[in-house]
Amino acid sequence: MTPIRLIAAAALVMTATACAAPPPPVQLGPDGRPLPQLYRIDPIERDRVQIRFLDGMNAIRQAAGAPPVALNSELTAAAATHSRDMSVQNRPWHFGSDGSSPVDRVRRVGYTGRLLGENISETYETELETLAAWMETPETRDIVTDPRARDLGFDWYQEENGKIWWTMVTGTRDAAAIRTTEGVAVAPPAGR
């Protein structure tokens with residue numbers, strides 16, 4: 001066998017062995033429900049986490065009859081800033097430690113469209129579990145499925161202990177939506 005084939009065969013055996021190992025037993029809490037598992041986000045997974053969230057959100061939007069959204073770097077920068085700031089404040093809420101509102105934050109990063117809504121969460125759950133939690137209440141679900149939304153900002157900050165502060169903001173650059181005087185939707189934080 002050539003050295004490359006030998007390495008490939010060894011990798012295949014190690015993968016098969018790892019896949020054959022039984023999963024760790026699920027630990028149950030006093031209520032009989034599975035205890036949460038620590039979800040650690042590796043920095044190299046950043047793009048994958050954002051794409052999984054985007055795909056999940058667009059699947060929900062499609063089922064609701066809403067058009068898809070696209071990740072927007074400016075809105076994502078605003079979401080990242082707010083996620084870190086909520087950690088510093090140690091509370092999930094829509095105002096920054098400097099008194100800034102969601103509208104202030106998206107303007108600071110140069111977003112020229114109209115902010116439509118913001119969802120936040122303080123949790124140890126994955127991005128898809130957080131999206132599912134946002135679908136459980138009308139206020140946060142309405143922000144996810146708003147048919148006017150075209151742009152998505154999504155980011156998080158994870159503390160050393162594993163707690164994750166998630167922020168999702170939606171917006172549009174559609175001229176008709178920008179001209180309306182309707183307020184920005186913010187919802188109570190989702191978290192468990």
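The values are calculated or read from the model by the stated rules, or taken from the named source; none is laboratory data. Nothing here was measured: the structure is a model prediction, and the numbers come from that model. Counting neighbours? That spans all protein chains shown, and the Cβs are built from the backbone with ideal geometry, glycine included. Remember, those area values only see protein heavy atoms, side chains included, never the ligands or the DNA or RNA. Shrake-Rupley method; radii C 1.70, N 1.55, O 1.52, S 1.80 Å.
Specify the residue that is nearest to SER121 (Cα to Cα); the eligible residues are those in segment 138-162 that are in contact with a helix residue (DSSP H, G or I) (Cβ under 8 Å, 6 or more places away or on another chain) and of a type in the set (D, E, K, R).
It comes out as ASP155.
Just give me the residues in segment 142-162 being open to solvent by 30 Å² or more (accessible area, probe 1.4 Å) and over 29 Å from GLY110 (Cβ atoms), in sequence order.
Passing the criteria: GLU160, ASN161.
Please return the ranges of helices (runs of 4 or more DSSP H) entirely within segment 1-89 where 2 or more residues are modelled with pLDDT under 75 and open to solvent by 50 Å² or more (accessible area, probe 1.4 Å). Before the answer, list the steps.
Values: elements: 3-20, 46-63, 73-89.
Where helices (runs of 4 or more DSSP H) fall fully within segment 1-89 and carry at least 2 residues being modelled with pLDDT under 75 and open to solvent by 50 Å² or more (accessible area, probe 1.4 Å), they are 3-20.
Quick grid of which residues meet (1) in a loop (DSSP other than H, G, I, E, B); (2) within 13 Å of THR76 (Cα to Cα); (3) modelled with pLDDT under 95:
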residue: GLU118; (1), (2), (3): no, yes, no
residue: LEU131; (1), (2), (3): no, no, no
residue: ARG148; (1), (2), (3): yes, no, no
residue: TRP156; (1), (2), (3): no, yes, no
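Return the pair list, or none, for Cβ contacts closer than 8 Å from residues in segment 109-136 that are under 17 Å from TRP165 (Cβ atoms) and without any contact (Cβ under 8 Å) to a residue 60 or more places away in the chain to residues that are open to solvent by 20 Å² or more (accessible area, probe 1.4 Å) and part of a helix (DSSP H, G or I), at least 6 apart or on different chains.
So the pair list comes out as TRP134/ARG141.
Of all residues in segment 95-109, which are out of contact with any helix residue (DSSP H, G or I) (no Cβ under 6 Å at 6 or more places or on another chain) and of a type outside the set (Lys, Arg)?
Correct list: PHE95, ASP98, GLY99, SER100, SER101, PRO102, VAL103, ASP104.
Report, by residue number, each residue of segment 94-131 that is open to solvent by less than 40 Å² (accessible area, probe 1.4 Å) and acidic (Asp, Glu).
Once the filter is applied, which keeps residues that are open to solvent by less than 40 Å² (accessible area, probe 1.4 Å) and acidic (Asp, Glu), segment 94-131 yields GLU118, GLU125, GLU127.
May I ask you to list pairs of residues, at least six apart or on different chains, whose Cβ atoms are under 7 Å apart, with the first in segment 89-108 being without any contact (Cβ under 8 Å) to a residue 24 or more places away in the chain and the second being among the basic types (Lys, Arg) and surrounded by 15 or more Cβ atoms within 10 Å (Cβ to Cβ)?
Partner pairs satisfying both residue conditions: GLY96/ARG105.
Can we say TRP134 is open to solvent by less than 20 Å² (accessible area, probe 1.4 Å) and in contact with a His (Cβ under 9 Å, 6 or more places away or on another chain)? Show your work before the answer.
Numbers: open to solvent by less than 20 Å² (accessible area, probe 1.4 Å): yes; in contact with a His (Cβ under 9 Å, 6 or more places away or on another chain): no.
So TRP134 does not fit the description; no.
If the Cβ limit is 9 Å and pairs must be 6+ apart or interchain, which residue in segment 46-61 that is closer than 16 Å to MET135 by Cα and in contact (Cβ under 8 Å) with a residue 40 or more places away in the chain pairs with which residue that is crowded, with 17+ Cβ neighbours inside 10 Å and small (Gly, Ala, Ser)?
ILE60/ALA66; ARG61/ALA149
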